[in-house]
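Okay, structure first, notes after.
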Amino acid sequence: MASSLSSKDFQEGVDDGRPIPTDQNVLQKHVAFFDRNHDGLIYPWETFEGFRAIGAGYMLSIASAILINMALSRKTRPGKFSLLFPIEVKNIQMGKHGSDSGVYDSEGRFVPLKFEEIFSKFARTHSNALTSDELMAMLKANREPKDYKGWIGSWAEWRTLYSLCKDHHGLLRKETIRAVYDGSLFEHMEREKAAAKKKAWM
């Protein structure tokens with residue numbers, strides 16, 4: 001599925017009536033889409049539902065629900081344990097892994113300079129987009145020594161984003177990447193998929 005998010009979509013915001021608390025940092029907004037009932041916790045079935053809503057297949061959605069929730073539940077709920085593996089949205093910055101782009105800081109805030117560096121350093125074919133090879137070059141450059149979990153986490157996140165959101169030329173556009181950082185991309189993709197489904201039934 002390719003997302004056709006435009007800069008106009010991003011500038012206007014695409015929350016589609018889903019309330020986002022004003023005190024949330026950008027990383028919290030990034031994951032809030034998956035908190036389907038807005039109770040501050042993301043359970044595996046909500047992760048699954050969120051991935052399906054943006055066009056991911058069943059297997060990817062199931063794998064994401066299991067792996068993401070198991071990886072982040074204990075980190076975002078220190079001192080707590082539940083076999084339901086909920087993720088606590090307000091503590092999501094505690095789940096940051098290494099070998100990432102640095103666009104989120106340790107407090108979950110957006111760092112514009114780091115975002116621009118993605119393109120100044122790695123966008124060689126088009127100044128405002130990444131090819132598959134350029135994306136892999138970025139992931140390799142971001143690797144921290146022996147941070148194998150971080151390598152895997154970054155690879156899984158970015159390859160999933162590329163798979164779902166590349167355009168018809170195989171490019172991952174700057175506005176798409178910018179929108180994913182605050183979660184607005186997910187809302188757009190959900191609406192886009194719902195509209196396509198409705199059109200197919202007409």
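The values are calculated or read from the model by the stated rules, or taken from the named source; none is laboratory data. For clarity, every value in this text was computed on a predicted model and none was experimentally measured. When we count neighbours, we look across all protein chains shown, and the Cβ atoms used for this are built from the backbone with ideal geometry, even at glycine. The protein model used for the area step is the full one, side chains on, heavy atoms only, and it has no ligands, DNA or RNA in it. Shrake-Rupley method; radii C 1.70, N 1.55, O 1.52, S 1.80 Å.
Key figures
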read-out	value
Residue-wise HN-Hα coupling along the stretch 26-36, computed from phi with Karplus coefficients 6.51, -1.76, 1.60 (Hz; x: Gly, Pro)	5, 5, 5, 5, 4, 9, 4, 4, 7, 7, 5
Approximate spin-label separation D39-S106, in nm, with each point projected 7 Å along Cα-to-Cβ	3.3
Ellipticity estimate at 222 nm from DSSP helix runs (n ≥ 4, -39,500 (n - 2.57)) divided over the chain, nearest 500	-16500 deg cm²/dmol
The stretch 59-116 versus the stretch 161-202: alpha-carbon centroid distance in Å	21
Shape call, the stretch 108-157: gyration tensor on alpha carbons, a/c limit 1.5	oblate
Heavy atoms of W151 accessible to a 1.4 Å probe, total area in Å² rounded to 10	80
Neighbourhood net charge (11 Å Cβ-Cβ; Lys/Arg +1, Asp/Glu -1) for E116	+3
Solvent-accessible surface (1.4 angstrom probe) belonging to V89, in square angstrom, nearest 10	10
Calculated log₁₀ intensity ratio I(q)/I(0) where the Debye formula runs over C-alpha points of the chain, q = 0.09, 0.10, 0.17, 0.18 Å⁻¹	-0.33, -0.41, -1.29, -1.46
Estimated dipole of the stretch 26-201 in Debye, rounded to 20 [Cβ of Lys and Arg +1, of Asp and Glu -1, Cα centre]	220
Count of lysine pairs in the stretch 63-190 with Cα separation under 17 Å (8 or more residues apart, or interchain)	13
Residue (of F110, L84, A53) at the positive-pole extreme of the chain, dipole from beta-carbon charges	L84
FRET efficiency for S82 and L60, using Cβ-Cβ distance with R0 set to 35 Å, rounded to 0.05	0.90
Carbon and sulfur %, accessible surface of the chain computed with the full protein complex present, 1.4 Å	58
1.4 Å probe accessible area per residue over the stretch 26-201, in Å²	54
Pair S127, W201: separation of 7 Å Cα→Cβ label points (nm)	4.5
